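Here's the structure we're looking at; comments come further down.
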Amino acid sequence: MSASASGGGASGGAGPGELLVAADARELAALAGELMARAIHSAIEQRGVARVAISGGSSPLDTYRHLASLDLPWPSVEWFWVDERAAPPDHARSNYGSAHSALGLDRMPPERVHRMEAEAADREASALSYERLLRRSFGVAAAVAFDVMTLGIGDDGHTASLFPGLGFTGVEDRLVLAVPEQPSKGLEPRLTLSAPVLHEARLSLVIVRGAGKRSMIEAARGPGDVEAIPSRTIQRSKGRVVWVVDREAAGDAR
Ligand code: 6PG
């Protein structure tokens, strides 16, 4: 592998996190997929189960395909979503649908795959029901700490479905949020994990591709207002944060 790496941020705590720059799309998928696989193996060794939270978007799909080709203890992995769009599971906009097919989740027992029902008429009820599911899965007194979480960043600085200007980056008392429709951006309503849940992940993999994201990577890893650039919330993660980006996206960030 010819990927170059640079460290960053306080170890195991706040800060921009590590940055891995992959030469091309294939290497990016292999790097991120291997990191996911290692985290899954180690969680299963330590706790008997690996809980993985999956972001949508196009950037992580090759990584999911790579992971799907690896020899993993699949029955011991539980799949959750970081965020979901108001679309039925077989719709092209469904994060569940695209990740399900890229990861080959039809091999999984259905009780291990936890779709967010963002298309429900009562999205608030759907958010609360996903919160209850997380509480049951992790334990009521335990942190909802995913073993591995994939994240992306949007052109407007969002991560998960924490969009700028909606006031969600400061919500501390919820695990899952119902995000309203944003007609000015052509975006449907969504469900998303809250910032405190993002911060608890043991490993966050931020997967970003393309020159168009270059300035946003710098903004997300730099100082400034979190509500203006919600992906800055990743700097507050308590676990390991690894940005896996391609050369075009990296620019001067290393
Ligand atoms: C979604 C996401 C979102 C995504 C970014 C990056 O449902 O849209 O989970 O947060 O990660 O928008 O998307 P791309 O990978 O397509 O650039």
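The values are calculated or read from the model by the stated rules, or taken from the named source; none is laboratory data. Please read all numbers here as calculations on a predicted model, not as lab measurements. Neighbour counts are summed over all protein chains in view; Cβ atoms, including those assigned to glycine, are modelled from backbone coordinates with ideal geometry. Accessible surface areas use protein heavy atoms only, side chains included; no ligands, DNA or RNA. Shrake-Rupley method; radii C 1.70, N 1.55, O 1.52, S 1.80 Å.
Taking every DSSP bridge with both residues inside the chain, close to 35 percent are antiparallel.
For region 145-254, what is the charge dipole size about the Cα centre, in debye to the nearest 20, if Lys and Arg each add +1 at the Cβ and Asp and Glu each add -1 at the Cβ? The partial results should precede the final answer.
On the way: 14 positive and 14 negative charges, 78 e Å.
Computed charge dipole of region 145-254: roughly 380 debye.
Close amide H partners of Ser161, meaning residues 5 or more places away or on another chain with modelled amide H under 5 Å apart, are Leu193.
Counting only protein heavy atoms, what percent of the accessible surface of the chain is carbon or sulfur at a 1.4 Å probe?
Values: 5200 of 10410 Å².
Roughly 50 percent of what the probe reaches on the chain is carbon or sulfur.
Out of every Cα-Cα pair in region 182-249, what percent are more than 16 Å apart? For region 182-249, the share of Cα pairs beyond 16 Å comes to 57 percent.
What relative contact order, as a whole-number percentage, does the chain give when Cα pairs under 8 Å and 6 or more residues apart are counted?
Working: 547 pairs, mean separation 61.4, N = 254.
Computed over the chain, the figure is 24 percent.
Here the 3J(HN,Hα) profile of region 31-36, calculated from phi with Karplus coefficients 6.51, -1.76 and 1.60 at θ = phi - 60°, is 4, 5, x, 5, 4, 4 Hz, Gly and Pro shown as x. Remark: the chain carries 41 Å² of accessible area per residue (probe radius 1.4 Å; ligands, DNA and RNA excluded). Between Ile54, Ile153, Ile44, find the one with the highest GNM mean-square fluctuation for the chain; connect C-alpha pairs within less than 10 Å. In the Gaussian network model the winner is Ile44. When the chain is treated as a GNM with alpha-carbon contacts under 10 Å, the residue of Val171, Val140, Val21 showing the greatest mean-square fluctuation is Val140. Regarding the chain, what is the average projected area of its C-alpha convex hull, in nm²? It is 12.6 nm².
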